Amino acid sequence: MTKILNFKQELTGCFGKPVAENPTQAMIEAAYRHHGLDWRYLTIEVDPRDLADAVRGARAMGFVGFNCTIPHKVAVIQHLDGLGESASLMGAVNCVVRRGDKLIGENTDGKGFVASLRTLIDPTGKRVVIFGAGGAARAIGVEVALAGASHITIVNRSRARGEELVHLLRQNVKVASDFVLWEGDYQVPANTDVVINATSIGLFPDVDARLALDVSTLKSSMVVADVIPNPPRTRLVKDATAIGCKVIDGLGMLVNQGVIGVEYWSGIRPDTGVMRKALEDVFG
Ligand code: NDP
């Protein structure tokens with residue numbers, strides 16, 4: 001089937017792997033429709049060898065911007081004209097924005113997380129425990145630190161990755177941070193304000209996978225967050241809700257990074273409810 005694009009429409013895109021029903025595409029296009037923007041958000045699979053050409057193509061075709069997913073988040077940087085503050089600190093870009101004739105790399109993952117966190121608690125002066133040290137943990141750690149957290153504990157299975165993130169937080173973001181090697185059920189220190197699962201544990205189809213955490217050490221005063229968007233009600237979310245904690249699910253982060261992306265591209269602050277509803281429809 002021949003596909004014809006109408007290049008008069010403003011284009012944004014996602015350089016990642018297309019899936020049958022791409023949740024991000026559904027969410028972003030719901031916002032475009034709601035705000036009367038005659039725009040498209042396309043999901044385009046780009047081979048790593050073709051990334052330079054893909055970025056040149058996006059420039060040539062006047063894309064307003066695009067998202068990047070794994071494996072392009074770091075490699076794309078060399079093809080851009082500049083970086084925002086957190087993308088520069090993290091060394092990873094998930095959102096590219098055309099500003100004038102320049103393509104600028106931003107990172108909205110952590111910003112999206114902090115936006116959803118702020119609906120429940122002001123991160124300033126708070127003590128935070130993060131499980132994981134991959135891309136999501138890095139984005140969240142940097143952004144929570146920039147938002148004023150007083151201390152961040154990184155709990156991770158592999159020492160090298162965990163210590164590398166702690167080093168980045170201490171050296172580049174100047175926040176007090178410690179590494180704890182994840183062995184057995186982690187006991188959350190009583191003075192913790194925010195507990196975050198930033199690992200892939202619990203992601204569909206492994207929905208019954210358990211985070212090695214002693215849930216009896218969670219207190220109702222703590223905010224508990226999970227980055228897993230599918231399913232949104234993970235085992236951790238259910239356990240923390242039963243204890244009486246305030247809880248943020250993975251849709252919160254996903255919606256808010258989308259909100260920030262649409263605002264970067266269009267200048268319009270989109271309706272969060274419309275975007276969350278579109279995601280919930282995809283995830284059922
Ligand atoms: P990475 O592969 O970069 O990192 C995965 C992390 O999970 C690592 O710290 C890894 O530990 C840890 N991990 C994985 N399996 C286990 C296990 N069985 N036991 C202990 N630790 C484990 O992935 P990302 O950081 O990019 O993504 C993590 C999750 O965040 C994904 O599920 C993704 O869907 C979600 N995400 C959600 C977003 C949202 O908007 N809601 C945005 C971005 C990501 P180790 O270092 O030891 O391997």
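Would you call Ala75 open to solvent by 20 Å² or more (accessible area, probe 1.4 Å), in the same structural domain as Ser177 (by TED's automatic domain parsing) and modelled with pLDDT under 95?
Working: open to solvent by 20 Å² or more (accessible area, probe 1.4 Å): yes; in the same structural domain as Ser177 (by TED's automatic domain parsing): no; modelled with pLDDT under 95: yes.
Considered against the rule, which asks whether it is open to solvent by 20 Å² or more (accessible area, probe 1.4 Å), in the same structural domain as Ser177 (by TED's automatic domain parsing) and modelled with pLDDT under 95, Ala75 comes out as no.
Asp249 - would you say it is surrounded by 20 or more Cβ atoms within 10 Å (Cβ to Cβ) and either at pLDDT below 95 or not assigned by TED's automatic domain parsing to the domain that holds Asp206 (or both)?
On the way: surrounded by 20 or more Cβ atoms within 10 Å (Cβ to Cβ): yes; either at pLDDT below 95 or not assigned by TED's automatic domain parsing to the domain that holds Asp206 (or both): yes.
For Asp249, the condition - surrounded by 20 or more Cβ atoms within 10 Å (Cβ to Cβ) and either at pLDDT below 95 or not assigned by TED's automatic domain parsing to the domain that holds Asp206 (or both) - is met.
Quickly run through region 168-184 and pick out the residues that are of a type outside the set (Val, Ile, Thr), surrounded by 14 or more Cβ atoms within 10 Å (Cβ to Cβ) and assigned to a loop (DSSP other than H, G, I, E, B).
Trp182 - this is the single residue of region 168-184 that is of a type outside the set (Val, Ile, Thr), surrounded by 14 or more Cβ atoms within 10 Å (Cβ to Cβ) and assigned to a loop (DSSP other than H, G, I, E, B).
Restricting region 145-163 to residues that are away from the ligand (no atom under 14 Å from the Cβ) and crowded, with 24+ Cβ neighbours inside 10 Å, which is nearest to the chain's Cα centre (by Cα)?
By that ranking, first place goes to Ala145.
Would you mention how many residues in region 130-144 are more than 12 Å from the chain's Cα centre (by Cα) and within 9 Å of the ligand (Cβ to nearest atom)?
Looking only at that region, the number is 3.
In region 222-248, which residue that is of a type outside the set (A, V, I, L, M, F, W, C) and free of Cβ contacts under 8 Å to residues at least 24 places away in the same chain is nearest to Met27 (Cα to Cα)? Full working, then the answer.
To start, the set of residues in region 222-248 that are of a type outside the set (A, V, I, L, M, F, W, C) comprises 226, 229-235, 238-239, 241, 244, 246.
Next, only the ones that are free of Cβ contacts under 8 Å to residues at least 24 places away in the same chain stay: 233, 238, 241.
On the way: Arg233: 19, Lys238: 25, Thr241: 26 Å.
Across region 222-248, the extreme among qualifying residues is Arg233.
Among the residues of region 205-219, write down those that are more than 13 Å from the ligand (Cβ to nearest atom) and either in a loop (DSSP other than H, G, I, E, B) or touching a Gly at 6+ places or on another chain (Cβ under 8 Å) (or both). Spell out how you get there, then give the answer.
Just the residues of region 205-219 that are more than 13 Å from the ligand (Cβ to nearest atom), to begin with: 214-219.
Hits for region 205-219 are Asp214, Leu218, Lys219.
The values are calculated or read from the model by the stated rules, or taken from the named source; none is laboratory data. As the structure is a computational prediction, the values presented were derived from the model and not from experiment. Note that we place each Cβ from the backbone using ideal geometry, even for glycine, and neighbour counts take in every protein chain shown. For the accessible areas, the whole protein counts, side chains as well, though only heavy atoms, and no ligand, DNA or RNA atoms are used. Shrake-Rupley method; radii C 1.70, N 1.55, O 1.52, S 1.80 Å.
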